[in-house]
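Participant: First the structure, which I've put down as structure tokens, then a few questions once you've had a look.
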Amino acid sequence: MWIMGADGKELADVKFFKIQRNMGNGKDKKWAIVGYSQTTAATTLTGIICAYFSDEDRAIMGLEKVISFIEENPEKVVRFDKF
């Protein structure tokens with residue numbers, strides 16, 4: 001599926017998402033949803049940051065919103081810059 005990144009400057013064909021701890025970006029950006037275009041170990045360096053969150057629970061809730069959007073709009077671009 002096509003994903004527009006958090007800053008609205010990246011568009012990627014994402015195959016899976018991962019919630020990751022984000023070091024050194026202030027208290028409001030401690031966790032991130034990162035999308036990856038392939039399912040290999042090497043892709044951990046080439047993910048697209050989809051959204052930032054202040055804590056892990058908010059990141060999980062954000063990922064649940066993505067799931068709902070994809071289920072309701074399977075052919076549309078997920079725009080994290082609009083979340």
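Participant: Tally the residues that are open to solvent by less than 50 Å² (accessible area, probe 1.4 Å), modelled with pLDDT of 85 or more and in contact with a strand residue (DSSP E or B) (Cβ under 6 Å, 6 or more places away or on another chain), restricting the search to region 40-62.
Facilitator: 6
Participant: Among the residues of region 1-21, how many are part of a loop (DSSP other than H, G, I, E, B) and surrounded by fewer than 16 Cβ atoms within 10 Å (Cβ to Cβ)? Lay out the reasoning, then the answer.
Facilitator: From region 1-21, those part of a loop (DSSP other than H, G, I, E, B) are 1, 5-10, 14-15; that's our starting set.
If we keep only those that are surrounded by fewer than 16 Cβ atoms within 10 Å (Cβ to Cβ) too, we end up with 7-10, 15.
Qualifying residue count for the region: 5.
Participant: I would also like to ask the following. Looking at region 55-78, I want the residues that are assigned to a helix (DSSP H, G or I) and have a partner that is open to solvent by 100 Å² or more (accessible area, probe 1.4 Å) with Cβ atoms under 7 Å, at least 6 apart or on another chain. Which pairs are those?
Facilitator: Gly62/Phe83; Lys65/Phe83
The values are calculated or read from the model by the stated rules, or taken from the named source; none is laboratory data. Because the structure is a prediction, the values reported are computed rather than measured. Every residue, glycine among them, receives a Cβ derived from its backbone with ideal geometry; neighbour counts consider all protein chains shown. Calculation scope for accessible area: heavy atoms of the full protein, side chains included, ligands and nucleic acids excluded. Shrake-Rupley method; radii C 1.70, N 1.55, O 1.52, S 1.80 Å.
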